[in-house]
Amino acid sequence: MKRSFDILIVGIGGQGTILASNILGNACLREGRSVKGAETHGMAQRGGSVESHIRIDCLYGPLIAPGQADLLLSFDLLEALRYSHYLKEGGMMVVNRHLVLPTSVFMQNLVAPTEDSIIAVLSRFRLCLLDADQIAQEAGSPLSQNVVMLGAASHAMPLKPESVLESVKNLVPTKTIEINACAFGMGRQAAEQCSF
């Protein structure tokens with residue numbers, strides 16, 4: 001019987017994927033829960049693919065096997081598609097309606113996927129889709145979109161939203177605490193229309 005709750009966070013460099021995983025790890029520690037995590041990223045640069053594995057109440061290793069993630073949190077549509085095979089049957093996907101196409105698409109004259117075509121494929125999963133970039137802008141900073149996503153995903157996690165919010169306040173720069181607290185609340189509210 002599986003005891004852990006596995007969350008895979010994916011995005012591209014510069015979107016705050018690793019900060020989001022650190023916030024979840026801190027929230028686990030606040031609740032006295034065991035947590036294992038790992039990040040994998042190729043080139044540490046903006047635009048490169050980044051994935052963070054968070055395993056809550058895990059007994060074994062930090063990496064999530066394909067087909068085992070309970071929750072996939074994606075900061076980009078294409079990254080959601082790329083990592084969708086990690087989601088277990090019945091798992092939940094929370095995705096930012098944002099699309100950054102890799103430059104290799106243009107360099108090789110490939111046909112780039114459209115938002116609609118990606119969403120059509122992702123719709124076979126339990127999908128919560130939101131415009132985290134727009135919500136972050138409304139909260140006061142486009143840089144808070146990762147916290148918007150955490151707020152939205154907090155409905156699907158086995159952590160108290162208060163623990164996650166306190167961890168946000170603990171780990172973001174002091175001058176951005178108010179904006180990020182607002183972003184978390186707005187993300188949580190935006191996801192109320194999703195079926196968790």
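The values are calculated or read from the model by the stated rules, or taken from the named source; none is laboratory data. Predicted model, so just to flag it, every value in this text is computed and none were measured. Every residue, glycine as well, gets a Cβ built from its backbone with ideal geometry; the counts of neighbours run over all protein chains shown.
Give me the pairs, please: first residue somewhere in the stretch 1-29 and under 16 Å from T40 (Cβ atoms) and in contact (Cβ under 8 Å) with a residue 40 or more places away in the chain, second residue anywhere and surrounded by fewer than 22 Cβ atoms within 10 Å (Cβ to Cβ) and of a type in the set (S, T, N, Q), beta-carbon distance under 6 Å, and either six or more positions apart or on two chains.
Listed by first residue and then by second, the contacts come to D6/Q68.
Please verify whether the stretch 61-78 includes one or more residues that are without any contact (Cβ under 8 Å) to a residue 24 or more places away in the chain and either aliphatic (A, V, I, L, M) or assigned to a strand (DSSP E or B) (or both).
Checked against the condition, which is being without any contact (Cβ under 8 Å) to a residue 24 or more places away in the chain and either aliphatic (A, V, I, L, M) or assigned to a strand (DSSP E or B) (or both), the stretch 61-78 yields at least one hit.
Would you confirm, using the coordinates I've provided, whether F196 is aromatic (F, W, Y), in a loop (DSSP other than H, G, I, E, B) and either surrounded by 14 or more Cβ atoms within 10 Å (Cβ to Cβ) or in contact (Cβ under 8 Å) with a residue 40 or more places away in the chain (or both)? Walk me through it before giving the result.
Details: aromatic (F, W, Y): yes; in a loop (DSSP other than H, G, I, E, B): yes; either surrounded by 14 or more Cβ atoms within 10 Å (Cβ to Cβ) or in contact (Cβ under 8 Å) with a residue 40 or more places away in the chain (or both): yes.
Spelling it out, F196 is indeed aromatic (F, W, Y), in a loop (DSSP other than H, G, I, E, B) and either surrounded by 14 or more Cβ atoms within 10 Å (Cβ to Cβ) or in contact (Cβ under 8 Å) with a residue 40 or more places away in the chain (or both).
Residue by residue, here is whether (1) surrounded by 24 or more Cβ atoms within 10 Å (Cβ to Cβ); (2) at pLDDT 95 or above holds:
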position	(1), (2)
G67	no, yes
V94	yes, yes
L101	no, no
M107	no, no
P113	no, no
Q137	no, yes
L150	yes, yes
V168	yes, yes
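If the requirement is being at pLDDT 95 or above and surrounded by 15 or more Cβ atoms within 10 Å (Cβ to Cβ), which of these qualifies: L78, L63, L129?
L129
Which count do you get for residues in the stretch 121-151 that are out of contact with any strand residue (DSSP E or B) (no Cβ under 9 Å at 6 or more places or on another chain) and among the basic types (K, R)?
Residues in the stretch 121-151 being out of contact with any strand residue (DSSP E or B) (no Cβ under 9 Å at 6 or more places or on another chain) and among the basic types (K, R): 1 in total.
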